[in-house]
Amino acid sequence: MPRLDFWYDFGSTYSYPAVMRVGEEARKRGVEIVWRPLLLGPIFQKSGLNTSPFRANPVKCAYMWRDLERLCRKHGLPFRQPPEFPQNGLLAARTALILSEEQRPEFTRAVFVHEFGEGGVISDDAVIRSVLEKLKLPVEDTIARALSPENKLRLRHDTEQAE
C-alpha cells in the first residue's frame, strides 16, 4: 500500500480542512497516511518572517478567512474563526507526536475542531488535557511524555525534516 507523509501545523488555517478530509480521501484511494505534526514558526523564521505570512499581509489575511469559511461550507465542516491567530500549537504538536499512529488522527481532528470548528483557543494546556480526557487517553502520563526533552528534540528534528 502506498504511504503518504501528511505534514500539518495545529495553528495552520488550511490544515483544518485537510486534516478533516485526508483520512477518508486516502481510504478511497488505498493510501496509508502517516500523520506528521510540525511547527511552521521555525520554517517561517528561516524565510525572514516572525509570524504567519497571513498576519504579515492584512489583505491576504482577510481573504484567507473568507476562503477558509467557503472551503468549510463546501465540505460540510463547522467553522468559527478563533479569537487568536496564529495560535501556539506547540503542546498540541508535542502531544500528537507521542501518541500512537492509531490515536494521532483522532486527537488531531479533535484539536482542529476545537480551534476552527468551535472558535476555541488551543494554546491553553487545559484544552489539550480536555481533548485527551474526551478520547479516554491517560492525561498526566501523556502530557509528561509530550513535555519531555526527548520529545522536544523529536519535534524539532521532524520540523527540520519537513523543510
Just a yes or no: is a residue in region 14-25 among the charged types (D, E, K, R) and open to solvent by 80 Å² or more (accessible area, probe 1.4 Å)? yes
Among residues belonging to region 124-136 that are at pLDDT 95 or above and in a loop (DSSP other than H, G, I, E, B), point out the one that is nearest to Leu68 (Cα to Cα). Leu135
Kindly provide the set of residues from region 69-87 that are within 16 Å of the chain's Cα centre (by Cα) and of a type in the set (Asp, Glu), ordered by number. Glu84
Selection count, region 55-111, where residues are surrounded by 13 or more Cβ atoms within 10 Å (Cβ to Cβ), part of a helix (DSSP H, G or I) and among the aromatic types (Phe, Trp, Tyr): 2
Scope region 13-33; condition under 17 Å from Ala110 (Cα atoms) and touching a residue at least 40 places away in the same chain (Cβ under 8 Å); matching residues: Thr13, Tyr14, Ser15, Tyr16, Pro17, Val19, Met20, Arg21, Gly23
Restricted to region 112-130, and to residues that are of a type in the set (A, V, I, L, M, F, W, C) and open to solvent by 10 Å² or more (accessible area, probe 1.4 Å), which residue is nearest to Met20 (Cα to Cα)? Val113
Can you pull out every residue in region 137-153 that is in contact (Cβ under 8 Å) with a residue 40 or more places away in the chain and assigned to a helix (DSSP H, G or I)? Thr142, Ile143, Arg145, Ala146, Asn151, Lys152
Go through (1) within 23 Å of Tyr14 (Cα to Cα); (2) in contact with a Leu (Cβ under 9 Å, 6 or more places away or on another chain) one by one and return the number of the condition Val139 breaks. (1)
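The values are calculated or read from the model by the stated rules, or taken from the named source; none is laboratory data. Nothing here was measured: the structure is a model prediction, and the numbers come from that model. Positions of Cβ are generated from backbone atoms using ideal geometry, with glycine treated the same way; all protein chains shown enter the neighbour counts. To get the accessible areas, we keep the full protein, side chains included, count just its heavy atoms, and leave off ligands, DNA and RNA. Shrake-Rupley method; radii C 1.70, N 1.55, O 1.52, S 1.80 Å.
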